[in-house]
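S.K.: Take a look at this one; I'll ask things after.
The values are calculated or read from the model by the stated rules, or taken from the named source; none is laboratory data. Everything numeric here is computed off the predicted structure, so don't read it as measured data. Note that each Cβ is placed from the backbone with ideal geometry, even for glycine, and that neighbours are counted across all protein chains shown. Side chains included, ligands, DNA and RNA excluded: accessible areas come from the protein's heavy atoms. Shrake-Rupley method; radii C 1.70, N 1.55, O 1.52, S 1.80 Å.
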Amino acid sequence: MKRLRMVVDKWLAPAPEASIRVERCAAGSQRKHRVRVQVDGPRGTTSLYFFRHDDGAWYVFPPEQSGITMRVRAA
């Protein structure tokens, strides 16, 4: 599982003295987790959105939306 801290370190590479803010964002009716991470450091301010997928891992891309499905059960 990719933890949020590991993904932030990979994508934003914050300096040890950087200020990091994490803001939870509403993600609509899908109720998926989405956060905005802002890093204020010596190189300026950088922000990225991270999305939590169904497997619990965090990524910089949103999870695929599942379409309408129909199930048939044999009697």
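S.K.: Is it the case, given these coordinates, that M6 is modelled with pLDDT under 85, open to solvent by 100 Å² or more (accessible area, probe 1.4 Å) and of a type in the set (A, V, I, L, M)? Break it down stepwise before answering.
M.R.: Numbers: modelled with pLDDT under 85: no; open to solvent by 100 Å² or more (accessible area, probe 1.4 Å): yes; of a type in the set (A, V, I, L, M): yes.
Judged against the criteria, M6 is not a match.
S.K.: Can I ask one more? For the stretch 17-46, give me each residue that is loosely packed, with under 12 Cβ neighbours inside 10 Å, of a type in the set (D, E) and either modelled with pLDDT of 90 or more or closer than 13 Å to L4 by Cβ (or both).
M.R.: E23
S.K.: Name the single residue, out of those in the stretch 47-69 being at pLDDT below 90 and of a type in the set (S, T, Y), that is surrounded by the fewest Cβ atoms within 10 Å (Cβ to Cβ).
M.R.: The extreme case among them is T69.
S.K.: Still on this structure: Under 7 Å between Cβ atoms, at least 6 apart or on separate chains: pull out the pairs that start in the stretch 49-74 with a residue that is closer than 15 Å to V8 by Cβ and end on any residue that is aromatic (F, W, Y) and open to solvent by 80 Å² or more (accessible area, probe 1.4 Å).
M.R.: Pairs that qualify, where the first residue is closer than 15 Å to V8 by Cβ and the partner is aromatic (F, W, Y) and open to solvent by 80 Å² or more (accessible area, probe 1.4 Å), are F51/F61; V60/W11.
S.K.: Cβ-Cβ under 8 Å, sequence separation 6+ or interchain: first residue in the stretch 5-23 and within 15 Å of G41 (Cβ to Cβ), partner part of a loop (DSSP other than H, G, I, E, B) and open to solvent by 60 Å² or more (accessible area, probe 1.4 Å). Which pairs?
M.R.: A15/P42; A15/R43; E17/P42; A18/P42
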